[in-house]
Amino acid sequence: MFDVNTAIGHWPFRRVPNQTPGELRRVLEAHGISGAAVAHTHGLFYKNCHDANLELAEAIAPHAGFFTGVATLNPTYAAWERDLVTCVRQLGFRALRLVPPYHGYALNDAAALALARAAAEMNVPIFIPHRIVDVRQRHWLDTEQTTGLAEVMALCRAVPAARVVVTELAVSPGAVTTADGAPLCDNLYIETSRLTSCYGQTLSRLATLLGPSHVLFGSGAPFKEVLPALLKVQHADLEPHARAAVCVESARTLLRLAGG
């Protein structure tokens with residue numbers, strides 16, 4: 001199992017357990033997960049979010065081979081070009097996270113498109129959370145904005161070379177495919193933690209229509225419990241090769257990790 005949706009770091013609005021790399025790794029391994037892509041929560045709130053990338057690199061260094069770093073960058077902040085190169089070539093991060101609601105821009109802004117194109121040129125997939133936590137129960141200082149599927153798909157069309165992973169989104173198969181069942185965006189990937197319906201039917205349908213390489217297992221830990229995300233995959237009606245793709249192979253290929 002490889003988890004594409006995890007984070008470390010302090011959340012300012014409530015206590016979140018297992019927020020250190022060691023604690024998070026123990027929880028994931030206890031559920032049979034042998035690797036994870038991880039971002040740093042501090043990157044949502046720092047004025048210069050690249051400081052959180054430096055913290056992330058230091059924090060996960062003792063866990064090389066388990067955690068894969070996901071950079072958090074703000075395209076409206078100065079020197080993002082330099083910071084992207086640093087994250088990829090010096091820190092060894094394999095993905096980029098964009099969080100417009102926390103950094104105050106839109107995905108169709110010129111700066112965001114420029115960052116997406118730069119990431120695509122460096123062969124770095126882009127993770128875009130629909131939300132970090134449930135905004136209906138938010139602290140009054142936290143954002144009430146979310147990033148919608150339409151915005152993500154518009155980015156996919158504007159930068160077709162980019163590989164875009166939307167996380168924390170409850171999406172139906174019909175929202176991402178044509179009436180004939182063809183993918184609306186060939187460069188869109190779906191993370192599984194908020195997919196709904198009984199016995200993993202949405203998950204298995206998405207894997208059939210988009211291809212299992214475009215559906216990636218994620219838990220949302222430590223903000224959410226790991227077991228519900230695992231049960232969705234376990235109960236989904238997937239052929240063995242598709243289950244292997246969703247659970248580990250597709251993520252490792254996307255992130256250019258050994259074994260992908």
Can you tell me the dipole magnitude for region 127-181 around its Cα centre, using point charges on the Cβ only (Lys, Arg +1; Asp, Glu -1), in Debye to the nearest 20?
-> 100 debye
Region 78-194, dipole about Cα centre (Lys/Arg Cβ +1, Asp/Glu Cβ -1), debye to the nearest 20 = 220 debye
Checked region 150-240 with the C-alpha gyration tensor, a ≥ b ≥ c its square-rooted eigenvalues, rounded below a/c of 1.5, otherwise prolate if a/b is larger than b/c and oblate if not; verdict oblate
Note the listed values [x] 0.93; [y] 1.15; [z] 1.26, then indicate which one is Cα Rg over 2.2 N^0.38 Å calculated from this particular structure.
-> [x]
Virtual spin-label span in nm between LEU231 and ASN123, 7 Å along Cα→Cβ = 4.0 nm
What dipole magnitude, in Debye to the nearest 20, does region 117-252 give about its Cα centre under +1 on Lys/Arg Cβ and -1 on Asp/Glu Cβ?
-> 100 debye
Taking H placed 1.01 Å from N in the peptide plane, check which residues at least 5 places from TYR189 or on another chain put their amide H under 5 Å from its amide H.
-> VAL164, VAL165, VAL166
Residue-ordered couplings for region 6-22, obtained by feeding phi - 60° into the Karplus form 6.51 cos²θ - 1.76 cosθ + 1.60 and rounding to whole Hz (Gly and Pro as x), are 9, 8, 10, x, 6, 9, x, 9, 6, 6, 10, x, 6, 9, 8, x, x
Looking at PRO129, LEU149, HIS31, which one has the Cα that reaches farthest to the positive end of the dipole of the chain (charges on Cβ: Lys, Arg +1; Asp, Glu -1)?
-> HIS31
With springs only between Cα atoms under 10 Å, which of ARG205, ARG89, ARG14 fluctuates most in a Gaussian network model of the chain?
-> ARG14
Return the FRET efficiency for the residue pair GLN90, ARG157: r is the Cβ-Cβ distance, R0 is 41 Å, and the value is rounded to the nearest 0.05.
-> 0.80
Residues of region 1-41 with amide N under 19 Å of a point placed 7 Å along Cα→Cβ from ASP134 = 11-17
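Every read-out reported here was derived from the displayed coordinates using simple, explicitly stated rules and does not represent laboratory data. In this text the structure is predicted, and so the values were computed from the model without any measurement. Cβ sites come from the backbone with ideal geometry, for glycine too, and all protein chains shown count toward neighbours.
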